[in-house]
1. Pick from the range 1-15 the residues that are part of a loop (DSSP other than H, G, I, E, B) and closer than 18 Å to Gln80 by Cα: which of them is least open to solvent (accessible area, probe 1.4 Å)?
2. Does Ser19 satisfy the condition of being at negative phi, small (Gly, Ala, Ser) and out of contact with any Pro (no Cβ under 7 Å at 6 or more places or on another chain)?
3. Restricted to the range 90-109, and to residues that are closer than 10 Å to Phe45 by Cα and over 13 Å from the mean Cα position of the chain (by Cα), which residue is modelled with the lowest pLDDT?
Amino acid sequence: QLEESGGGLVQPGGSLRLSCAASGFTFSTYHMGWFRQAPGKEREFVAAITANGINKNYADSVKGRGTISRDNAKNTVDLQMNSLKPEDTAVYFCAATFSTIADTSPSAYAYWGQGTQVTISS
């Protein structure tokens, strides 16, 4: 089970930290990712981190603004987003995969959370 938190309404230029708590599987053996889905659009990759937390992959749209991190002792994975833009508005999902973090397709991910809404608006 994956449960996201930390979403909300933020003004453009602001920051947000999303968190995802995992349970029911061996978290430390899975690579973890964040995806987002805006209304009327397909789910898109945001960031991913390897099981050991060493390697990371970011979508071009968030590179330099987003930071993914994980704590295997706490079974959590976070996404820090800065300099937020209205186009970052979406439901954000965390997900778990055994595939390589270079695979940005949602179909590569086995477990998904329910999502948390992020709205960027003044």
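The values are calculated or read from the model by the stated rules, or taken from the named source; none is laboratory data. The shown structure was predicted, so the numbers you read here are calculated from the model rather than taken from an experiment. As a convention, Cβ positions derive from the backbone with ideal geometry for all residues, glycine included, and neighbour counts pool all protein chains shown. Please note that ligands, DNA and RNA were not included when accessible areas were found on the heavy atoms of the full protein model with its side chains. Shrake-Rupley method; radii C 1.70, N 1.55, O 1.52, S 1.80 Å.
1. By that ranking, first place goes to Gly14.
2. yes
3. Looking at the filtered set, the residue picked out is Asp103.
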